[in-house]
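To start, the structure itself, in C-alpha cells.
The values are calculated or read from the model by the stated rules, or taken from the named source; none is laboratory data. Keep in mind that what you see is a predicted model, and the values were worked out from it rather than measured. Note that each Cβ is placed from the backbone with ideal geometry, even for glycine, and that neighbours are counted across all protein chains shown. Side chains included, ligands, DNA and RNA excluded: accessible areas come from the protein's heavy atoms. Shrake-Rupley method; radii C 1.70, N 1.55, O 1.52, S 1.80 Å.
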Amino acid sequence: MSADQTQNLTDGMHIIVDALKKNGIDTIYGVVGIPVTDMARHAQAEGIRYIGFRHEQSAGNAAAISGFITQKPGICLTVSAPGFLNGMVALANATTNGFPMIQISGSSDRAIIDLQQGDYEELDQMNTAKPFVKASYRVNKPEDLGIALARAIRASVSGRPGGVYLDLTTEVLSAVMDKDAADKTIFTVEDPAPRQIPSPDSVNKALKLLASAKRPLIILGKGAAYAQADDNIRQFIETTGIPYLPMSMAKGLLPDTHPQSAASARSYALSSADVVVLMGARLNWLLDHGKGKHWSPETQFIQLDIEPSEIDSNRPITAPVVGDIYSSIESLLAGLKSTPVKSPTEWLASIDEHKKINVEKMAVKLNTDTSPMNYFNALRAIRDVLVDHQDVYVVNEGANTLDNGRNIIDMYQPRKRLDCGTWGVMGVGMGYAVGAAVTSGKPVVAIEGDSAFGFSGMEIETICRYKLPVTILIFNNGGIYRGDGVNLHGDQDPSPTVLMGGARYDKMIEAFGGIGYQATTPAEVQEALKAGLTSGHPTLINVVIDPAVGTESGHIGNLNPKSVVKN
Ligand SMILES: Nc1ncnc2c1ncn2[C@@H]1O[C@H](COP(=O)(O)OP(=O)(O)O)[C@@H](O)[C@H]1O
Ligand SMILES: Cc1ncc(Cc2csc(CCOP(=O)(O)OP(=O)(O)O)c2C)c(N)n1
Ligand SMILES: [Mg+2]
C-alpha cells in the first residue's frame, strides 16, 4: 500500500472517536485494556477527557450520574468479558434509575465466540446485556459505527432514559476504510430526546381533579429533577399552594426549608391526602406501592410520567398525564388560567402542626451530644456546615447513614443529592463522587456508611490521582449495620473480634496524597469538613460512630423475611 493511500485511510477506533466528538461527548470513564486501549488514546488525542478507574463498576457509576446531571449519555469504556460484566452492574442500575448511559465495550472474535472455540475473554456480550438495558447493539462493520452510536444515544436519552450497551468487536475496531467515505457515515443526532406533549384532555382532567381536592399533595421524583423544569415546577407548586414531598434525589428542586415542604410530616401527609400528584415518581417500594398503613384506599392519583406503561403500575391512576415533565408542567401552568387551583390553607396548616411536633422530636436527637457520636449528632454537624455550601453535590450511601442522611441533610439546589436510588445499591459512592466532580468542577461531599464505602473505596486513589475536590466522611460504626463485635442477636459478642470500628480509613487517603482526619466529636467533624471544602483537596474524615447504635438495614428492616424457626 503506498504512503498516500495509507494517508487517506481510517479505522474503526478512529471512526467511533470522531462520532463521539461529533455528538458532543467530552468525557469517557473507563478501565482500558485489550482491545480498547488505543481507542482511549485516540479519544485523548482528540481532546476527549479519559478518566481511568480502578474498577469498571465505579467508572460506570460515574458515567451514569453524569447522565442524570446533564441529560447527555455518560460514556463508560470497558474491556471484553470480565470488564464488560463489571460495568454491567452500573449499566443495569442506570436503566433502573432512568439515567442515560452508554457502555461501550470491546469484544472478542465473533467467529470464534459463535463456535465457542475458546477465544481470549470469550463472551456473547450483546446478548448478555439485553435483559439489563434499553437497547443492546453490536457493530461488525466500520461503516456502521456512526449509525450505531446515533442509535445508542437516542435510545439512552429518549422516553424514559436508561442504559444502552454498544459492542465493538475486535475486528471492527481495526477495520480499515477510506477516510472520506468514513466521514460521510458519522453525523450529529438530531433532537435525540424529543419533547412528548401531553394531550390537552389529560391536562384538563388533572387540573379539574386537583381543583376539587381538599387535601392535595405533590410527590416529586427523580424524574422531575432529571427533567430540568426547575422554575416551572417551583412556580406550579407556589401558585397552587399545594404541599409537596420530595423523594430523595428530587430533594433540592425546591429548598428543603421551603414552607410547603411536607417532608417532616411525611406519614401524616401521605395518609391524609385525598389527591396525590406523582410527578416523575414511581409508586414502587419506596412509596409502599401506594398501599398499606401510609395510604388511604380513597386516595385518587394524578401521574405525570413519560413512560405510558408506568401508569396503573400499583394503584389505578384517575388522571394520567403522559408526556415529558417539562412539557406537562408547562401545559398545567397554562391551564391554571382557565382552571385555577388553590390548596385549602387549613390543609397546609394541619401539615405544619404535624411538622412542628416531629421537628421538635428530631431536634432533641440532633442536638444531644454523645460520646462516641451517633448518626444524628454527626449528621447535624455536617448539615450545619453545608447550609453555607449550598452548591455542593452530596453523595450518600449506607443503611443508617443513608436513611438518616436523607432526612437530616437539607438540600437547596436540584440534582445535587446523588444516592443509592431505586435499587438501594451499595457501592455507588466513589463513582458518583468522581462523575459529579468531573462533570461539574464543583465540590462533592460523600457521606458514606463504612461498609458501603468498602465497595468502591479503592477509587480514593482515582480521586487523588485527578486531584478532585471530594471530601469523604466515613461513618465508622464498625461494619455492616452494626459493629462487627455485635453478634446477630444484638448483644456485644464476648469473643475478641477485630472491630471494623477500629479501622483508620483516614490513613488510607494519606497513602495517595490526600488529607485524612479522625473525628470523634461533632466539632471535629465540622472542623475537618470545613477544611476539606476550603482546600478543595481530596479529603477523608473517619467519623467514629458508636458501634452499638443504628438498626440493621436502617429504616427498611421490615423488608427482611421473618424466620419462624428459633435457632
Ligand atoms: N423527562 C421526564 N419526563 C417525565 N417523566 C420522566 C422523565 N424522566 C424520567 N421520568 C419518569 O420519572 C419516573 C422516576 O421514578 P423513580 O425513579 O421511581 O423516582 P423516585 O425514586 O425519585 O420516586 C420514572 O417512571 C420515569 O419514567
Ligand atoms: C451491592 C449491594 N450489596 C449489598 C447490599 C446490602 C446492604 C444494604 S446496606 C449495606 C451496608 C450497610 O452498612 P453501612 O456501614 O454502610 O451502613 P450503616 O453503618 O448502617 O450506616 C449493605 C451491605 C446492597 N444494598 N447492595
Ligand atoms: Mg456501618
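Considering region 513-567, what Rg and Dmax in Å follow from its alpha-carbon atoms?
Gyration radius and largest Cα-Cα distance of region 513-567: 18.0, 55 Å.
In the P(r) worked out for region 334-379, what percent of Cα pairs fall beyond 11 Å? Show your work: numbers first, answer last.
On the way: 764 of 1035 pairs.
When all Cα pairs of region 334-379 are counted, 74 percent exceed 11 Å.
In Å², and per residue, what accessible area does the chain have when probed at 1.4 Å with the other protein chains present?
40 Å²
Over region 185-317, what relative contact order in percent results from Cα pairs under 8 Å that are six or more residues apart? Each step should come with its number before you reach the end.
Working: 171 pairs, mean separation 33.4, N = 133.
25 percent.
Please list the non-local residues whose amide H lies under 5 Å from the amide H of G74, H modeled 1.01 Å from N, same-chain partners needing a gap of 5 or more.
For G74, the qualifying residues are G67, M101, I102.
If amide hydrogens are placed 1.01 Å from N in the peptide plane, which non-local residues have theirs closer than 5 Å to the one on I447?
Placed amide hydrogens put V395, N396, E397, L473 under 5 Å from I447.
For the chain, what's the relative contact order in percent, using C-alpha pairs closer than 8 Å and at least 6 residues apart?
After rounding, I find 12 percent.
Take the Cα gyration tensor of the chain, multiply each eigenvalue by 5, square-root it, and list the three semi-axes largest first, rounded to whole angstrom.
41, 33, 21
Got the relative contact order for region 297-419 handy, in percent, Cα pairs under 8 Å and 6 or more residues apart?
Details: 95 pairs, mean separation 18.2, N = 123.
Relative CO of region 297-419 lands at 15 percent.
Can you give me the % of accessible surface on region 146-223 that is carbon or sulfur? Probe 1.4 Å, all protein chains present, nothing else counted.
Working: 1920 of 3300 Å².
Percent of accessible area from carbon and sulfur atoms in region 146-223: 58.
Sort 306-316, 553-563 for me by packing, meaning the mean count of neighbouring Cβ atoms within 10 Å per residue, highest on top.
Ranking, from highest mean packing down: 306-316, 553-563.
Relative to the compact-globule scaling 2.2 N^0.38 Å, provide the ratio for the alpha-carbon radius of gyration of region 7-68.
Against the empirical 2.2 N^0.38 Å value, I get 1.15 for region 7-68.
Using the Kirkwood radius over C-alpha pairs as Rh, can you work out the diffusion coefficient of region 279-379 via Stokes-Einstein at 4 °C, viscosity 1.567 mPa s, in µm² per second?
The calculation lands on 75 µm²/s.
Cα gyration tensor of region 391-431, axes a ≥ b ≥ c as square roots of the eigenvalues: rounded (a/c below 1.5), prolate (a/b > b/c) or oblate?
oblate
Net charge around E310, counting only other residues with Cβ within less than 14 Å of its Cβ (Lys, Arg = +1; Asp, Glu = -1)?
With Lys, Arg at +1 and Asp, Glu at -1, the net is 0.
Over the Cα atoms of region 1-156, what is the Rg over Rh ratio if Rh follows Kirkwood?
Reported Rg/Rh (Cα atoms, Kirkwood Rh): 0.97.
How much of the accessible area of region 28-83, probe 1.4 Å, is carbon plus sulfur, in whole percent?
After summing per-atom areas, the C and S share lands at 50 percent.
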